[in-house]
Amino acid sequence: AMDFDFDDLFSDDLFVEVEATQSDVPPEEALLRQDGLDVGGNYRFAVHAGRSSFEGLDPVDTWQTSLGGQLYLDARPDPNFRVFGKVGLSYAVGKRTGEAKTVQDPVKFSLQEFFSDFNYDSKVFFRAGKQNVKWGVGYFFSPADVISIGRINPLEPEAEREGPVALKAHYPKGSTNYYLYTLFDGADAVDKVALAPKMEFVVGGTEIGLGGFYQKDKAPRGMITVSSSLGSLALFGEAVISKGADKAFVEGLPMSYPLYKDDQVFFHATAGARYSRSDPDGLFNFTAALQYYFNGEGYRNQDDIQNFRKYYAMLLAMSASEDEGQRKMAEQELEKINVRDMSSTGRHYLAAMAAWNNLLNTKFSATAFLNANLSDQSGMVTATLSLPSLSKISPSVGMSLNYGEPATEFGGAGRNTTVFAAVSVSGAF
């Protein structure tokens, strides 16, 4: 189960405020100039307790405590050069009822961003290093973001995605922006370096993006994004075409895996809208979003992928067998399977969210979320009620429901329901 933190769901990106010390500082330099060094970050401590009920099985209780945050460093020694770095750290302890011991992970550190900004004659702007990139305009799904390493988690659509190690060149001309990304992740030779050009321009009140991606031994992709508005509605759409796919498929019996389709053309498309309303009295601070996604790499025949999931589950059971021969055979077969090939297997998806902040001008907030695979008729529904905070302590309660037949994408072992309570302490510094 996933509990929602209302503040995190709609939090803005991290901005560093810069104040000009002299009135004659040009605006473009004021945005780049900052004396000394800025160091800051955020902190989060959370406790989550839940009870999951499965059809035909005893309930399972969960208890998890997590500790994490981010640290950033921002240095701007002169108007034409900047260095920015950000690391994430996390520590988690979890336990299930009936387990003999607590499962404990060590402290984990991750380099989230580390780049430098510089420019040529204040006309071409460069960013070199590991950087977060957002090509797409989708909220829950973004197939057009073809260069980020991480992908959107529909449960946390505004969370940061891991970006690539790249050299970005940006040339703005009027209201049009031209970009060229040179991508180095996974490149062990010059001919393995990837290139990704992109252009953004405005037509009336609509912004359009065009881009492409090419890397040797990977599927080349072309994309288009459109974002506009209609009154209080923010509208967005994406389309992507590729020759081949960066995944393996299965057809018929599981023994056909891995099957690659390098010569097949795949098409992805998504469209959606976001709506926000806030009245002067603070009674109805409301936000909603709806998005449809057509996944061209999904299976027309859902039986193929569901049978493959059953085969994978059988191998997992055999890998725990006391029979050494069975165990070794299962382990060898499991090594051949990439678990990612069993995700995003539907052709049609729908996600929706509705959030009401400070209900009727109270200290309560509510969020409801749906993520559905329409192809195999499975999905997840989550509802969370955020209770009044006490200082920095933010409690919440909620429930989630996974539905679908066994071996579907969200059905897992079948329909199950989880109720949960959570308490978090968070803040920025």
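The values are calculated or read from the model by the stated rules, or taken from the named source; none is laboratory data. For clarity, every value in this text was computed on a predicted model and none was experimentally measured. Virtual Cβ from ideal backbone geometry, glycine too; neighbours counted across all protein chains shown. The protein model used for the area step is the full one, side chains on, heavy atoms only, and it has no ligands, DNA or RNA in it. Shrake-Rupley method; radii C 1.70, N 1.55, O 1.52, S 1.80 Å.
Some values worked out for this structure:
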{"quantity": "Of all residues in the stretch 218-230 being touching an Asp or Glu at 6+ places or on another chain (Cβ under 8 Å) and not in a strand (DSSP E or B), the one that is surrounded by the fewest Cβ atoms within 10 Å (Cβ to Cβ)", "calculated": "K218"}
{"quantity": "Any hit, the stretch 253-273, residues being farther than 28 Å from Q306 by Cβ, of a type in the set (G, A, S) and in contact with a Ser or Thr (Cβ under 8 Å, 6 or more places away or on another chain)", "calculated": "no"}
{"quantity": "Subset of the stretch 390-429 (residues that are part of a strand (DSSP E or B) and open to solvent by 50 Å² or more (accessible area, probe 1.4 Å))", "calculated": "L390, I393, V397, M399, Y403, V419, V423, A428"}
{"quantity": "Residues satisfying the stated conditions in the stretch 171-206, i.e. open to solvent by 40 Å² or more (accessible area, probe 1.4 Å), part of a strand (DSSP E or B) and either in contact (Cβ under 8 Å) with a residue 60 or more places away in the chain or more than 20 Å from P143 (Cβ to Cβ) (or both)", "calculated": "Y171, P172, K173, Y178, L180, F201, V202, V203"}
{"quantity": "Residue selected from the stretch 369-378 under the condition over 18 Å from the mean Cα position of the chain (by Cα) and either of a type in the set (A, V, I, L, M, F, W, C) or part of a strand (DSSP E or B) (or both), by the criterion surrounded by the most Cβ atoms within 10 Å (Cβ to Cβ)", "calculated": "S378"}
{"quantity": "Test: residue in the stretch 341-356 that is more than 23 Å from L401 (Cα to Cα) and surrounded by 14 or more Cβ atoms within 10 Å (Cβ to Cβ)", "calculated": "yes"}
{"quantity": "Inter-residue pairs, beta-carbon under 8 Å, first over 11 Å from S400 (Cα atoms) and in the stretch 414-429, second open to solvent by 50 Å² or more (accessible area, probe 1.4 Å) and polar (S, T, N, Q), 6+ apart", "calculated": "S426/N42; G427/N42; A428/N42; F429/N42"}
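The rows are residues; the columns are (1) farther than 30 Å from M342 by Cα; (2) hydroxyl-bearing (S, T, Y); (3) touching a strand residue (DSSP E or B) at 6+ places or on another chain (Cβ under 7 Å); (4) in contact (Cβ under 8 Å) with a residue 60 or more places away in the chain.
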site	(1), (2), (3), (4)
G379	no, no, yes, no
L385	yes, no, yes, no
P388	yes, no, no, no
G404	no, no, yes, no
